[in-house]
Amino acid sequence: MLSAEAFYRENLATHDESLKKINYRLLLISVIRGISFLGACWFIYQGIRQSAGTDNFIAGFVCIILFIISLRVALNFLDKKILTEKLIFINRNELAVLNGGNNEFDNGAAYSDPKNYSVDLDIFGPGSLYSRLNRTTTSLGSEFLGRSLQHPILDAQTIEDYQEAVKTMANQPAQRQMITAHGLLHDEREGTLHDIKTWLKEPIRMLGQKWLQVARYVLPAFNIWAFYHFLDTDQIGPLLVGLALAWLIIGIFSKYIFAQHKLITKKQAILDQYAGILKMFAQVEPGASSLLKHTRNEATDAGTGVYQLARLASLFDQRLNLVVFVILNGFLLYDIQVMLKLEQWKLSHKERFDSWIGIVGRIELLNSLSGFCFNNPGYTFPLVHDEMSVLVTDMAHPLIRPQVNVPNSLAIGEQEKLIILTGSNMSGKTTFLRTLGVNLVLAQCGAPVNATRFVFKPVIILSSIRVGDSLQENTSYFMAELKKLRVIID
């Protein structure tokens, strides 16, 4: 298997070449689209000028069809272009990280909490462990990763399940990149998920109306007949009656429809983002990992449900189009039809929506840990045991460059229950403590650690390293240290 750097360089070259081909095809299609548009205008104009211009009208119609086809093809290539650009960004970012550069994903500074070990161990912020790990594209994925680093797993079996999942996903870098790329295709705005959850809690008002279930089919059929009747006989009366009834029904539910639309409007992007992640993860090979098998089975069902809601949200937003609002509402009860579909979806799936969205957070957490594993093939997966001890060999800090990293070994718990670490200033005492702490956090997340051997029992991690005085709080360095120790004891 290729090394991480070789894989990223090969992928980058492949995607760069693909982008050039896509841009060339888009240019070619734009030329075809322009010619077909001009051709349609020319032939229709000639057909109008000539008394017997049937051939010109046929040619104009063919040009219009060609224009529509070329437009659809262009949109498909545009989607491929955007996806390819995201893949190029991902591979360039990975190469930069491997060579000591900054990760372009968020550094998680918002999750930093001075009350726990996150500040002492550089878990969040610039140059932090979170920054090194993070490949999440959703707010939920970021929260899952932040939570896993703040509250590492204490159950041995769960840690081993995550280890097996990370090992398996690490060997599928192309599929992992597709998960990340599809997550990057759409921007997630704060509050969007909250609005959807609020919509799910709203009571259903229309689905139980039996007369409405009849009217949704009968009235559109009547209006279509009335329209053809008007064209055939010039009698507009039946059509006016049908349109009036349609707007009367819409008026009855207009306040409810507008309130529902306010909650779910412009939600297609985030729903497409989540559906894309779920769809890509469903293609991951789970291997022997029970966690991946379970998550993939859930993701398949969740992806279908979220995709359906995304399509319905998109259809609901079409009511903002004046033509759709006036014509389709009048003839087909468009708002009523979409609203009934949304209520049917809500009735069938609202109880599972939270768990479906939670799957996305778990997927992005596993994706981030697996990428870290792939980028560090020399790291070791820890062995979890029941004895209260930590046994490590050649342990080094995962955030320090290998060229200047100094590995150390440690055995505590078998013979020694307490270790007093002493030494001169700048001799590496604090770095050693942080090295042990950071590797313990990684170990209890199910990730590999920077050591040749790491045996441990999951523990609650407590620390008191970075302590400072405060003039505003009238707190001396000594008092600040006492307060931190009090937090640890409590």
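The values are calculated or read from the model by the stated rules, or taken from the named source; none is laboratory data. Predicted, not measured: the structure shown is a model, and the values here were computed from it. Counting neighbours? That spans all protein chains shown, and the Cβs are built from the backbone with ideal geometry, glycine included.
Is it the case that GLN273 is touching a Ser or Thr at 6+ places or on another chain (Cβ under 7 Å), under 13 Å from ILE357 (Cα atoms) and crowded, with 16+ Cβ neighbours inside 10 Å?
yes
Given the criteria over 22 Å from the mean Cα position of the chain (by Cα) and buried (at least 19 other Cβ atoms within 10 Å of the Cβ), does MET339 qualify?
yes
Within the range 175-189, can one find any residue that is within 25 Å of ALA269 (Cα to Cα), at pLDDT 95 or above and either surrounded by fewer than 18 Cβ atoms within 10 Å (Cβ to Cβ) or in contact with a Pro (Cβ under 8 Å, 6 or more places away or on another chain) (or both)?
Checked against the condition, which is being within 25 Å of ALA269 (Cα to Cα), at pLDDT 95 or above and either surrounded by fewer than 18 Cβ atoms within 10 Å (Cβ to Cβ) or in contact with a Pro (Cβ under 8 Å, 6 or more places away or on another chain) (or both), the range 175-189 yields at least one hit.
Would you confirm whether or not the range 468-475 contains a residue that is modelled with pLDDT of 80 or more and out of contact with any helix residue (DSSP H, G or I) (no Cβ under 7 Å at 6 or more places or on another chain)?
no
Please give the number of the condition GLY60 fails out of (1) among the small types (Gly, Ala, Ser); (2) within 42 Å of the chain's Cα centre (by Cα); (3) over 30 Å from ALA4 (Cα atoms).
Going through the list (1) among the small types (Gly, Ala, Ser); (2) within 42 Å of the chain's Cα centre (by Cα); (3) over 30 Å from ALA4 (Cα atoms), GLY60 breaks only (2).
Can you report the number of residues in the range 112-159 which are more than 27 Å from PHE432 (Cβ to Cβ), crowded, with 18+ Cβ neighbours inside 10 Å and not basic (Lys, Arg)?
Counting residues in the range 112-159 that are more than 27 Å from PHE432 (Cβ to Cβ), crowded, with 18+ Cβ neighbours inside 10 Å and not basic (Lys, Arg) gives 7.
Which helices (runs of 4 or more DSSP H) sit wholly inside the range 112-218 and have at least 2 residues that are in contact with a Ser or Thr (Cβ under 8 Å, 6 or more places away or on another chain)?
The helices (runs of 4 or more DSSP H) meeting that bar are 139-150, 156-170, 173-184.
To keep it simple, each residue is scored yes or no on (1) closer than 22 Å to LEU245 by Cα; (2) modelled with pLDDT of 95 or more.
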{"site": "VAL324", "(1), (2)": "yes, no"}
{"site": "ILE327", "(1), (2)": "yes, no"}
{"site": "GLU351", "(1), (2)": "no, no"}
{"site": "ASP354", "(1), (2)": "no, no"}
{"site": "ILE357", "(1), (2)": "no, no"}
{"site": "TYR379", "(1), (2)": "no, yes"}
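What are the pairs with Cβ atoms under 9 angstrom where one residue, in the range 285-300, is in contact (Cβ under 8 Å) with a residue 40 or more places away in the chain and within 18 Å of GLY358 (Cβ to Cβ) and the other, located anywhere, is surrounded by fewer than 17 Cβ atoms within 10 Å (Cβ to Cβ) and not small (Gly, Ala, Ser)? Sequence gap at least six, or different chains.
Sorted first by the residue in the range 285-300, then by its partner, the pairs are LEU291/THR158; LEU292/GLU285.
So which residues in the range 123-163 are of a type in the set (Asp, Glu) and within 29 Å of LYS86 (Cβ to Cβ), if there are any at all?
GLU143
Do we have any residue at all in the range 37-48 that's closer than 21 Å to PHE77 by Cα, under 47 Å from the mean Cα position of the chain (by Cα) and among the aliphatic types (A, V, I, L, M)?
Within the range 37-48 (the criterion being closer than 21 Å to PHE77 by Cα, under 47 Å from the mean Cα position of the chain (by Cα) and among the aliphatic types (A, V, I, L, M)), the answer is no, since none of the residues qualifies.
How do the helices (runs of 4 or more DSSP H) wholly within the range 267-365 filter down when requiring 2 or more residues that are closer than 30 Å to THR168 by Cβ: which remain?
268-281, 290-317
In the range 95-111, is there at least one residue being free of Cβ contacts under 8 Å to residues at least 60 places away in the same chain, surrounded by 15 or more Cβ atoms within 10 Å (Cβ to Cβ) and touching a Ser or Thr at 6+ places or on another chain (Cβ under 6 Å)?
yes
This table checks each residue for (1) among the β-branched types (Val, Ile, Thr); (2) farther than 30 Å from GLU94 by Cβ; (3) touching a Phe, Trp or Tyr at 6+ places or on another chain (Cβ under 6 Å).
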| position | (1), (2), (3) |
| --- | --- |
| TRP345 | no, yes, no |
| SER370 | no, no, no |
| PHE374 | no, no, no |
| HIS385 | no, yes, no |
| SER389 | no, yes, no |
| VAL406 | yes, no, no |
| ALA411 | no, yes, no |
| THR422 | yes, yes, no |
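Looking for something out of contact with any His (no Cβ under 6 Å at 6 or more places or on another chain), in contact (Cβ under 8 Å) with a residue 40 or more places away in the chain and outside the structural domain of SER348 (by TED's automatic domain parsing) - is there at least one such residue anywhere in the range 231-241?
Checked the range 231-241: no residue is out of contact with any His (no Cβ under 6 Å at 6 or more places or on another chain), in contact (Cβ under 8 Å) with a residue 40 or more places away in the chain and outside the structural domain of SER348 (by TED's automatic domain parsing).
Write out, first by first residue and then by second, each pair whose Cβ atoms fall under 7 Å of each other, whose residues are 6+ apart or on separate chains, and whose first residue, in the range 376-389, is touching a residue at least 60 places away in the same chain (Cβ under 8 Å) and farther than 24 Å from GLN415 by Cα while the second is in a loop (DSSP other than H, G, I, E, B) and polar (S, T, N, Q).
TYR379/ASN450; THR380/THR452
Going by the conditions given, is SER70 over 36 Å from the mean Cα position of the chain (by Cα) and among the hydroxyl-bearing types (Ser, Thr, Tyr)?
No; evaluated as a whole, the condition is false for this residue.
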